[in-house]
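Here's the structure we're looking at; comments come further down.
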Amino acid sequence: MAKRRLLGTLTGLVAAGALLAGCAQSTQTPAQSTQTDAQSTQAPVQSTEMPAQSTEKPAQSTVYVNLGDSFSAGTGVSPLEEDSPIYCQRSSRNYAHIVAEEEDFDLTDVSCAGADTGDFRESQHQGVPPQLDALDEDTDVVTLMIGGNDEQTYGRAIRLCSELADVDRAGAPCTDRYGRSLIDPVAADIYPAVRQALRDVRNRAPNARILLAGYPWLLPPTVGCYPEMRLAEGDVPMIRELQTALNTYGRRAAEDEGVEFVDMSQVSEGHDACAGDERWIEPMTTSGPGAVHPNEQGQAAIAEQVRKALAG
């Protein structure tokens, strides 16, 4: 009986507590009710603060222009650059395209097979503007290979010497006939022409970093590889001396004009046209325009040296 009363008492207390709570809620003053209603109907405050504007400018692409002759154009390396003049034989895998792809540069390539320093200022072919026209004060980087076609240096020497190779294959018939007449024009004529070309490039692209790349070796120092390179054994040193002169005076012209010189002589040693599978230069027996020009491996090697120079 006592247990039943205790439970009844607890039940009554719980019910009374619930009733008191309800009364407390229902006895809220009118002022409090009005304040609550005002708060609930108040319009949300809109922020007048403008979002912060970024002061960073979007990154601009590096404007890159490639100039020069067939070694620069990558003549003989497939595929050709789309929509480029067919006369120029400009490869889409030449060193400039490789550099632009690896460095994310915005490339304009106006290199052209057969170009000499005069084609920097004059149109080389119909529809092919002077190469200097591609430059302006917004140009950031310029690369070029030039000088080998001035005075028909490479072409004339290779042609004349190959014509005499069968006369005395073990001798030096070309050297005996022409002496230094194939080499001396490098200092007398080509050096000042290359120097002027570099000066013109600097004037057109005053804010650019300019890099003149040297020519990779065509032949070993002494022993040739007839018939792959159709030259008499004794004429190989003369052709090598001619190329040494081109690179030496190219470097001197670059130094005179405050231009960087990318030396290919050391890295290309042992990768000449006589080096078999290790060659960077295609031999004379290669069909098409790629003969006696850098192949795909050669262009990749030039690109690597240019990138190293840019990183320096």
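The values are calculated or read from the model by the stated rules, or taken from the named source; none is laboratory data. The model shown is predicted, which means the values in this text are computed figures rather than measured ones. Cβ atoms come from the backbone with ideal geometry, glycine included; neighbour counts cover every protein chain shown.
Counting just the residues of segment 231-248 that are crowded, with 19+ Cβ neighbours inside 10 Å and not hydrophobic (A, V, I, L, M, F, W, C), which one comes out nearest to residue 153 (Cα to Cα)? Looking at the filtered set, the residue picked out is 243. Looking at 111, 84, can you tell me which residue is among the polar types (S, T, N, Q), part of a loop (DSSP other than H, G, I, E, B), surrounded by fewer than 21 Cβ atoms within 10 Å (Cβ to Cβ) and under 19 Å from the mean Cα position of the chain (by Cα)? None of the other options fit; the residue is 84. Taken over segment 168-201, the criterion of being assigned to a loop (DSSP other than H, G, I, E, B) and among the polar types (S, T, N, Q) is satisfied by 181 alone. Any residue that is under 26 Å from residue 159 (Cβ atoms) and surrounded by fewer than 18 Cβ atoms within 10 Å (Cβ to Cβ) - is there at least one of those in segment 199-222? Checking segment 199-222: at least one residue is under 26 Å from residue 159 (Cβ atoms) and surrounded by fewer than 18 Cβ atoms within 10 Å (Cβ to Cβ). For segment 144-169, filtering for residues that are in contact with a Gly (Cβ under 7 Å, 6 or more places away or on another chain) and at pLDDT below 95 leaves 1.
Residue 222 falls short of the stated requirement of being closer than 25 Å to residue 89 by Cβ, out of contact with any Phe, Trp or Tyr (no Cβ under 8 Å at 6 or more places or on another chain) and β-branched (Val, Ile, Thr). The sole residue among 207, 203 that is without any contact (Cβ under 8 Å) to a residue 40 or more places away in the chain and under 30 Å from residue 137 (Cβ atoms) is 203. Residues that are polar (S, T, N, Q) and in a loop (DSSP other than H, G, I, E, B) within segment 87-101 comprise 89, 92, 94, listed in sequence order.
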